[in-house]
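One structure is given here, and the rest of the page talks about it.
The values are calculated or read from the model by the stated rules, or taken from the named source; none is laboratory data. Quick caveat, the model's predicted, so the values are computed rather than measured. For neighbour counting, all protein chains shown are included, and Cβ atoms are generated from backbone atoms with ideal geometry for every residue, glycine included.
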Amino acid sequence: MIKNYHLAAISVLAVMVFSGGCSDESKPVATAPAPAATVSKTTASAPTTTSTTTTAVTATAAAPPAYVYNPLGRRDPFTPLIIKEEKKALIGAKPPLERHAIHEFKLSGIVWGGLGYHAMLEGPDGKGYFIKKGTIIGPNRGVVRNITQNTVVVEEQFQDPSGETKKKEIVIELRKKQEGTP
């Protein structure tokens, strides 16, 4: 029975010792720096033999300057980084078929069926483009006039040096042999 009282007393002492070391008073408290204040002591002489000391605290501290954002030379953080293709077209970019000259395209294949003839052109950028009759192609805005089993006929209008508008037909043929073979 006495042993139980001793154990209880020892455990209470241990809790008091350990919890006493964890008090909030011993923890360092992080505070914001106080504004600088000027303290001046003045001594005034009284007509009597005792002198009184007066302490005057003059607060001449200026508040720290607030952060000011300067947007000059920086992009707007709320504008999207990726611009959609529709907006690029509005900016003035030409469609891919109108960026390259007609002779730079290679005729890769022709498909025909219930919807008529369609052709696939391979551009100089390595991408494939499907065209049909009436498609505009080339920087001079040539129009696909006819697609047959082996050819695509493009009609371009241009002005000659005398100022007359003339039409020129360009025929793109389907390759019969693989390139690089004799």
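Quick grid of which residues meet (1) exposed (fewer than 12 other Cβ atoms within 10 Å of the Cβ); (2) modelled with pLDDT of 85 or more:
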site	(1), (2)
V144	no, yes
I147	no, yes
V152	no, yes
Q157	no, yes
E164	yes, yes
K167	yes, yes
L174	no, yes
E179	yes, no
Please enumerate the residues belonging to the range 136-174 that are polar (S, T, N, Q) and assigned to a loop (DSSP other than H, G, I, E, B). N140, T148, Q149, N150, S162
For K133, are the conditions met, namely being among the charged types (D, E, K, R), more than 19 Å from E98 (Cβ to Cβ) and either over 43 Å from the mean Cα position of the chain (by Cα) or not in a strand (DSSP E or B) (or both)? no
Anything in the range 100-139 that is farther than 18 Å from T151 by Cβ and of a type in the set (D, E)? List them, or say none. D125
